Every structure is written in structure tokens, then in C-alpha cells.
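Step one of this worksheet: look at the structure below.
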Amino acid sequence: MECFLKMGKLIRQEYPDALCLGAGSCRICKKCAYPEPCRFPEQAYSSMEGYGLFVTQVCRDNDVRYHYGERTITYSACILF
């Protein structure tokens, strides 16, 4: 996750409107402010699934492996410009 956050920060410097989608819920804060407004909207991110993307299909359509064998977990992310 640390790599994803660093990459998102670098990309947003060049492309401020880039949408960074990760795996799972945003974990920028130890405790989310919800239902109050986000404290760090410029850093927050959502999941690919939260935007309606079917992750296995996105991987398949882009020739990216999703399944790496038994007893493995795959985390996928994408950045949309």
C-alpha cells in the first residue's frame, strides 16, 4: 500500500485530476471522519470495485495476471487520467 500511495502522490503532482483506485477501502486516517467530510480529500482513494470495475475483467482485458496460484492474494490498483 505504501508504494501505491507514493505513486499516487507523484502522479497527482503532474496530473491533479487523476483518479487513483486501490484495493479495499481508504486507509489514510486511523479513524475515518465519515459521516463528516473527508479530512484529506486530496490524498483519499477508493477501491476499483467501489467505482464499479470488475477487477478480474480489467486484468483480463489488459493482459495482467490476476491469479497467482493457491494460497496467494492479489491486490490490484489502477490510475485513471
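Once segment 1-44 is narrowed to residues that are assigned to a loop (DSSP other than H, G, I, E, B) and touching a Ser or Thr at 6+ places or on another chain (Cβ under 9 Å), the residue that is nearest to Cys78 (Cα to Cα) is Ala23. Somewhere in segment 16-29, is a residue without any contact (Cβ under 8 Å) to a residue 12 or more places away in the chain and among the small types (Gly, Ala, Ser)? Taking every residue of segment 16-29 in turn, none turns out to be without any contact (Cβ under 8 Å) to a residue 12 or more places away in the chain and among the small types (Gly, Ala, Ser).
As for segment 54-61, it holds at least one residue that is over 14 Å from the mean Cα position of the chain (by Cα) and surrounded by fewer than 10 Cβ atoms within 10 Å (Cβ to Cβ). Under the condition of being farther than 15 Å from Phe54 by Cβ and assigned to a loop (DSSP other than H, G, I, E, B), the residues counted in segment 67-81 number 8. Looking across segment 50-81, not a single residue is charged (D, E, K, R) and touching a residue at least 60 places away in the same chain (Cβ under 8 Å). Under the condition of being at pLDDT 90 or above, of a type in the set (D, E, K, R) and in a loop (DSSP other than H, G, I, E, B), the residues counted in segment 45-66 number 1. Quickly run through segment 12-33 and pick out the residues that are surrounded by 10 or more Cβ atoms within 10 Å (Cβ to Cβ) and over 13 Å from the mean Cα position of the chain (by Cα). Of everything in segment 12-33, those that are surrounded by 10 or more Cβ atoms within 10 Å (Cβ to Cβ) and over 13 Å from the mean Cα position of the chain (by Cα) turn out to be Arg12, Tyr15, Cys29, Cys32, Ala33.
Of all the numbered requirements in (1) out of contact with any helix residue (DSSP H, G or I) (no Cβ under 6 Å at 6 or more places or on another chain); (2) surrounded by 14 or more Cβ atoms within 10 Å (Cβ to Cβ); (3) of a type in the set (A, V, I, L, M, F, W, C), Met7 misses one, and that requirement is (2).
The values are calculated or read from the model by the stated rules, or taken from the named source; none is laboratory data. Just so you know, these numbers come straight off a predicted model, no measurement behind them. Neighbour counts run over all protein chains shown; Cβ positions are idealised from the backbone, glycine included.
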